[in-house]
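Values quoted throughout were computed directly from the atomic coordinates according to the rules given, and no laboratory measurement underlies them. This is a predicted model, so every value here is computed, not measured. Every residue, glycine as well, gets a Cβ built from its backbone with ideal geometry; the counts of neighbours run over all protein chains shown.
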Amino acid sequence: MKVQKPNWFSTVEVRDLIQRRPWSLLSWSAGLVALSFIGYYGILSIGNPPANIGAQFVDAEFPSPSISPWFYGKPITWFIYAAFLYWSAGLEAQRIHFLNFSERTRRFLFIVTALVAFGAFYEIFYNFMIWSALEVLTQSCSPSPCSPDVIASRWPSLPKPLNLVFVTKVVILVFSLSVYSLWFLFRIDKEIERRNPTPQAAFSRQELYGADTVKTAPMTRAYSFAVTTNGQDPPDSPQSK
């Protein structure tokens, strides 16, 4: 029986992988972090469902302030940072594939992304307006005024109200991803134009549109009358009587 040594990655291979695919490694790492936050706090809410949708991602702090009193944040905040890195680094990793897309496909992706950005831009203002109004009107919590983290919106009609901190940060994430995607597609178009410059037209604009070119007759040089008459005064023209 032969025992085979496991084939672990050496330091040189790991360094080579990082140099060859840095954007892919960053994207997958950030994606795993985002998935971990969603999965962990989602599982915790199964046994103890929150009163508001998304409240479990807002009420907690990671890491706990007792462990790290100077550096901590809400799970939804860590999630949107990791999700943005996952998307943006993933686009950069797939840049070669986008360069091979047809112009029609790239135009379609640009329009769809702009539509998503338009919808998310409206939702940002809507959520902040509802948030500000409920902050003033809600006085049922203790201590008063209510903490912004516990305010929830009942619109649209849902089985449970939406936590405004949670939904606002998610909408801002969608808008940020759309804006970065639009900028990424714009850079792709510019690079394709740089690689494939448009050749200059070999014909003039009039010939290109089939218009008749007006050709002027060459002008002859005007000679002085004094030169042709050798400096003599011209004879008087006979007048009719």
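Taking amide hydrogens as modeled 1.01 Å from N in the peptide plane, which residues meet the under 5 Å criterion relative to G73, leaving out close sequence neighbours?
F62
Convert each backbone phi in the stretch 166-173 into a coupling constant with the Karplus relation 6.51 cos²θ - 1.76 cosθ + 1.60 (shift: θ = phi - 60°), then list the ³J(HN,Hα) values in order as whole Hz, x for Gly and Pro.
Running phi through 6.51 cos²θ - 1.76 cosθ + 1.60 with θ = phi - 60° gives 5, 5, 5, 5, 5, 5, 5, 4 Hz.
Sorted from largest to smallest, which semi-axis lengths in Å does the alpha carbon gyration tensor of the stretch 77-172 give for its equivalent ellipsoid, taking the root of 5 times each eigenvalue?
Output for the stretch 77-172: semi-axes of 37, 15, 9 Å.
What shape does the stretch 41-132 take by its C-alpha gyration tensor, where a ≥ b ≥ c are the square roots of the eigenvalues and a/c under 1.5 counts as rounded, a/b above b/c as prolate, and the rest as oblate?
Prolate, because a/c is 1.5 or more and a/b exceeds b/c.
If you count, for each residue, the other Cβ atoms within 10 Å and average over each peptide, how do 44-51, 180-187, 76-83 line up from highest to lowest?
Peptide ranking by packing, descending: 76-83, 180-187, 44-51.
Starting from the Cα-Cα distance between E191 and S132, subtract it from 0.36 nm times their residue separation and give me the gain in nm to one decimal.
16.9 nm
Using θ = phi - 60° and the Karplus curve 6.51 cos²θ - 1.76 cosθ + 1.60, what whole-Hz ³J(HN,Hα) does each residue of the stretch 62-67 get, with Gly and Pro shown as x?
9, x, 4, x, 5, 8
What are the ³J(HN,Hα) couplings of the stretch 96-112, residue after residue, when phi is run through the Karplus curve with 6.51, -1.76, 1.60 and θ = phi - 60°? Round to Hz, x for glycine and proline.
4, 5, 5, 5, 8, 5, 6, 5, 5, 5, 5, 5, 5, 4, 5, 5, 5
Order 62-73, 29-40, 102-113, 118-129 from most to least packed using the mean count of other Cβ atoms within 10 Å.
So the peptides 62-73, 29-40, 102-113, 118-129, ranked by packing, come out 29-40, 118-129, 102-113, 62-73.
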